[in-house]
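Working notes for the structure below.
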Amino acid sequence: MAQAVVGIVMGSTSDWDVMQHAARQLKDFGVAYEARALSAHRTPDLLIEWIEQMQKGGAKCFIAGAGGAAHLAGVVASKTTLPVLAVPIPSKHLQGLDSLLSMVQMPKGIPVATFAIGDAGSANAGLFAISMLALGDKALADRLNAFRAKQAEAVAAARLPELS
Ligand code: RP5
């Protein structure tokens, strides 16, 4: 199996429904990733071990999804200078607003790039990782441009329903 260039981590297996959208983009573009459920507060030592292992293995960025008091992305960023893309998971009581604010309000000095709450944010984090990797990979850049062109064609070809 190819060495993972993107590490996807989530606070719980219950986050996979959302985080699979990031994984799907990477898979469709042929980017090798490793996805793990590791918690910043439940398994902090395992999380740090994994971050170190991913870095040694040649990872270029991390995507971190968590819900509630979502400190996972910040903790990942505290242990690496690789880019960390944060995906707020919709939460039961606050629908992910808590997750979003926990991620987007990182104090100065340790940045994380925060995406939209839920499926769209997860897919976009995957696409953003692809954009970063495409800076040094012409074949990947070509695939990304083709994806954009196909998306544009679909919108241009769309027709609104007639009024009855
Ligand atoms: C967070 O708590 C996880 O990221 C998840 O979104 C949330 C709920 O976790 P579970 O109770 O489903 O394991 O740490």
Filtered residue count, segment 101-122, keeping only those that are more than 25 Å from residue 52 (Cα to Cα), out of contact with any Phe, Trp or Tyr (no Cβ under 9 Å at 6 or more places or on another chain) and assigned to a helix (DSSP H, G or I): 3
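If you check 125, 116, 86, which single one turns out to be crowded, with 19+ Cβ neighbours inside 10 Å, free of Cβ contacts under 8 Å to residues at least 60 places away in the same chain and within 21 Å of residue 62 (Cα to Cα)? Give the derivation first.
Working: 125 fails: free of Cβ contacts under 8 Å to residues at least 60 places away in the same chain; 116 fails: crowded, with 19+ Cβ neighbours inside 10 Å.
That would be 86, the only listed residue that is crowded, with 19+ Cβ neighbours inside 10 Å, free of Cβ contacts under 8 Å to residues at least 60 places away in the same chain and within 21 Å of residue 62 (Cα to Cα).
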Test set (1) within 19 Å of residue 20 (Cα to Cα); (2) part of a helix (DSSP H, G or I) - residue 65 fails condition number: (2)
Of the criteria (1) buried (at least 19 other Cβ atoms within 10 Å of the Cβ); (2) within 14 Å of the ligand (Cβ to nearest atom), which one residue 95 fails: (1)
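Given the criterion touching an Asp or Glu at 6+ places or on another chain (Cβ under 7 Å), within 21 Å of residue 99 (Cβ to Cβ) and modelled with pLDDT of 95 or more, identify the matching residue among 11, 65.
Values: 11 fails: touching an Asp or Glu at 6+ places or on another chain (Cβ under 7 Å).
Step by step, each of 11, 65 is checked, and only 65 is touching an Asp or Glu at 6+ places or on another chain (Cβ under 7 Å), within 21 Å of residue 99 (Cβ to Cβ) and modelled with pLDDT of 95 or more.
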Out of all the residues in segment 24-38, which are buried (at least 18 other Cβ atoms within 10 Å of the Cβ) and within 16 Å of the ligand (Cβ to nearest atom)? 35, 38
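The values are calculated or read from the model by the stated rules, or taken from the named source; none is laboratory data. Remember, it's a predicted structure, so these values are computed and weren't measured experimentally. Using ideal geometry, Cβ is built from the backbone for each residue, glycine included, and neighbour counts are taken over all protein chains shown.
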